[in-house]
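The values are calculated or read from the model by the stated rules, or taken from the named source; none is laboratory data. Just so it is clear, the structure is predicted and the values come from calculations on it, not from any experiment. No Cβ is skipped: glycine too gets one built from the backbone with ideal geometry, and neighbour counts run over all protein chains shown. These area figures cover heavy atoms from the full protein model, side chains too; ligands, DNA and RNA do not enter into them. Shrake-Rupley method; radii C 1.70, N 1.55, O 1.52, S 1.80 Å.
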Amino acid sequence: MSLTIYAQRLGDDSLILGQRLSEWCGHAPAIEVDLSLANVALDLIGQASHFLGLAGAIEGKGRDADALAFRRDVMDFTNCLLVEQPNGDFAQTIARQFLFSHYQVLFLERLAAAQDERFAAIAAKALKEVSYHATLASDWVVRLGDGTDESKARMIAGLDWMWRFADELFVMDDVDAAAITAGAGVDKAALRPAWDQRIDAVLADAGLVRPAARRATLGGRTGRHSEHLGHLLSEMQFLQRAYPGATW
Amino acid sequence: MYTTDLSGKNKAEAVSEDAAKVAAFEARVANDEFIEPKDWMPEAYRKTLIRQISQHAHSEIVGMLPEGNWITRAPNLRRKAILLAKVQDEGGHGLYLYAAAETLGVSRDEMTEALLSGKAKYSTIFNYPTLTWADIGAIGWLVDGAAIMNQVPLQRTSYGPYARAMVRICKEESFHQRQGYEIMMHLAQGTPEQKRMAQDAIDRWWWPSLMMFGPPDDKSPNTEQSMRWRIKRETNDELRQKFVDITVPQAHAIGLSVPDPALKWNEARGAHDFGEVDWEEFYAVVRGEGPVAKERMQARQKAWDDGAWVREAARVHAEKRASAKIAAE
Ligand SMILES: [Fe+2]
Ligand SMILES: [Fe+2]
Ligand SMILES: [Fe+2]
């Protein structure tokens with residue numbers, strides 16, 4: 001049961017962030033940026049298919065990745081709150097990507113070495129992708145932080161919006177502990193120092209300082225989400241909801 | 001290529017050019033040689049190409065919007081990924097084409113401004129709304145299908161950078177067409193609601209797709225010149241006929257009807273007879289009076305305006321880093 005949830009969390013993170021990024025398609029600040037955001041979104045949707053497919057397989061009730069993606073309600077989604085945050089302006093989108101991709105790199109490095117080969121294989125493939133995402137996001141943090149007064153102010157505001165959701169990435173609970181016992185888990189709390197280092201190094205290069213510490217906003221892993229997720233789902237799940245039983 | 005521009009200018013402009021140079025140029029073109037950016041070319045050729053290539057580039061970029069409208073609502077993960085990749089390809093096509101046009105001495109910013117001011121055109125087809133998921137199928141099948149028909153001959157167009165861009169683009173377009181037809185096929189075999197969706201989509205997209213080939217030959221003032229310059233290789237009506245002949249059996253094969261009462265196979269011609277396009281509608285859409293023309297331009301304008309600070313930041317940052325590097329050396 002808990003390994004199902006564990007795989008589902010990984011799939012939900014990638015799915016929701018991929019969905020968010022795909023909202024940019026056709027509307028980005030430049031064509032090159034449009035293409036790069038679409039690349040990241042495609043990678044994430046691919047990861048979601050793999051992790052949710054695995055979750056369905058472990059669950060063994062005949063639900064596939066699509067059933068999990070398109071026919072669960074908010075309280076059954078287990079993504080972290082960070083990834084469901086609205087795109088905002090480009091700086092806010094980059095702030096979200098920056099914090100998440102660096103976490104994902106560290107996480108997937110460990111997961112790729114897990115005993116459970118099903119998880120390890122997906123992680124190994126995804127790791128190559130997310131290393132690129134982290135570089136892309138970092139480059140933009142530096143460009144925007146070190147660009148104009150306006151871009152700096154927007155980058156600061158974007159980071160400020162997202163910062164309260166960073167702690168959740170590293171929170172360990174029973175599901176994580178059980179996954180470690182089962183040979184598929186990662187000690188997320190232990191990733192924090194490396195993550196801090198990565199984030200601080202990029203911020204320094206960008207001429208930015210780390211946002212002030214604040215009370216963490218938590219709840220995504222147990223289905224307690226922000227108001228934003230329901231709207232995202234109502235859009236994403238529209239066809240499956242309107243035409244139950246149809247295949248596409 | 002997306003043929004919407006109707007202006008018959010550019011004939012009178014070649015007056016003062018060296019007759020010997022013009023003759024040598026025309027001979028090279030007639031000989032099917034490629035003209036390269038550094039080669040001498042008549043001013044009218046350059047201008048016509050800039051207009052045609054930039055219009056094509058704009059069509060790729062504006063064309064991202066109607067399909068982009070359904071990425072977040074795609075019905076499953078596979079379809080979502082395919083559609084996202086497809087729309088991303090169109091953005092890439094826009095990039096190749098802008099780059100090809102830039103070799104003729106016009107900047108991407110200038111071209112973008114021409115689009116946003118309404119001075120430059122883009123394909124009429126993208127001024128129609130995508131209302132249901134079946135429209136994504138219809139666009140891939142019909143619109144990309146029509147685009148392929150226009151573009152395949154342009155792989156042999158006389159201007160080298162344009163021809164090479166077309167080669168890259170055509171490789172991807174056939175995947176676009178197939179994924180669209182596959183969506184339609186699936187819907188046509190689906191539930192009654194899905195079938196209805198599919199038929200409604202072809203009913204709405206059929207005629208606008210035929211308009212993509214541009215005005216009838218007798219109302220297409222640039223055709224003769226463009227054919228001679230090898231920047232067009234078949235006439236609008238020839239291409240339109242070809243499209244009808246290929247597409248009608250595809251529709252029937254999946255049980256969809258084509259919304260044209262005049263459509264019938266003509267044994268003697270070995271081709272379909274078909275009804276008259278509503279040219280009044282076509283010209284209105286060219287004038288910018290298409291059903292969602294305002295929405296399309298508003299979206300492009302917004303992306304451009306909202307992105308200005310990002311592009312500016314990237315430029316300023318690159319300058320800072322470049323001068324820091326020089327100072328360090
Ligand atoms: Fe294209
Ligand atoms: Fe095209
Ligand atoms: Fe296409």
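Brief remarks on what is shown
- For segment B:237-313, the Kirkwood radius over C-alpha pairs fed into Stokes-Einstein at 25 °C and 0.890 mPa s yields D = 152 µm² per second.
- Within-12-Å neighbourhood charge of A:TYR6 [Cβ basis; K, R +1; D, E -1]: -3
- Number of partner chain Cβ atoms within 10 Å, mean per residue of B:54-61: 1
- Taking N as its residue count, the alpha carbon Rg of segment A:2-242 over 2.2 N^0.38 Å: 0.97
- Number of partner chain Cβ atoms within 10 Å, mean per residue of A:144-150: 6
- Column: log10 I(q)/I(0), Debye, Cα scatterers of chain B, q = 0.12 Å⁻¹: -0.88
- Of the residues B:TRP40, B:LEU77, B:GLY214, the one whose Cα sits farthest toward the positive end of the charge dipole of the protein assembly as shown, with +1 on the Cβ of Lys and Arg and -1 on the Cβ of Asp and Glu, is B:LEU77.
- Count Lys and Arg as plus one, Asp and Glu as minus one, and take only other residues whose Cβ is under 12 Å from that of B:ARG73; the net charge is then -1.
- Sum of side-chain charges, B:ALA299 neighbourhood, beta-carbon under 14 Å (Lys, Arg +1; Asp, Glu -1): -2
- Dipole size of segment A:147-227 about its Cα centre, with +1 on Lys/Arg Cβ and -1 on Asp/Glu Cβ: approximately 120 debye, rounded to the nearest 20.
- Sequence-distant residues sharing a close amide H with B:TYR159 (under 5 Å, placed H): B:ILE35
- Each Lys and Arg Cβ is given +1 and each Asp and Glu Cβ -1; about its Cα centre, segment A:2-242 then shows a dipole of about 340 debye.
- The residues of the protein assembly as shown have, on average, 40 Å² of accessible surface per residue, using a 1.4 Å probe with all protein chains present.
- Relative compactness, segment A:196-248, computed as alpha-carbon Rg over 2.2 N^0.38 Å: 1.94
- Pairs from the table (A:LYS61/B:LYS86; A:LYS128/B:LYS171; A:LYS128/A:LYS152; B:LYS86/B:LYS232; A:LYS152/B:LYS302; B:LYS119/B:LYS294) lying more than 23 angstrom apart at Cα are A:LYS61/B:LYS86; A:LYS128/B:LYS171; A:LYS128/A:LYS152; B:LYS86/B:LYS232.
- Using just its DSSP H runs of length 4 or more, each adding -39500 (n - 2.57), the protein assembly as shown gives a mean residue ellipticity at 222 nm of -20500 deg cm²/dmol after division by all residues.
- Rounded to the nearest 10 degrees, the angle from helix A:192-205 to the longest Cα principal axis of chain A is 30 degrees.
- When the Cα positions of B:ALA201, B:HIS272, B:TRP229 are compared along the charge dipole of segment B:199-274, B:TRP229 comes out farthest toward the positive end, with charges on each C-beta of Lys, Arg, Asp and Glu.
- Cα centroid separation - segment B:98-152 against segment A:1-65, whole Å: 29 Å
- Over the C-alpha atoms of the protein assembly as shown, the Rg to Rh ratio, Rh being the Kirkwood estimate, stands at 1.02.
- For peptide A:17-27, the mean count of partner chain Cβ atoms within 10 Å of a residue's Cβ comes to 6.
- Helix A:149-163 and the long axis of chain A differ in direction by around 30°, with both axes built from C-alpha atoms.
- Net charge dipole size for segment B:169-226 [Lys, Arg +1 and Asp, Glu -1 on Cβ; Debye, nearest 20]: 220 debye
- Between the listed residues A:PHE51, A:ALA204, A:MET75, the Cα displaced farthest toward the positive end of the dipole of segment A:2-242, a dipole computed from Cβ unit charges relative to the Cα centre, is found at A:MET75.
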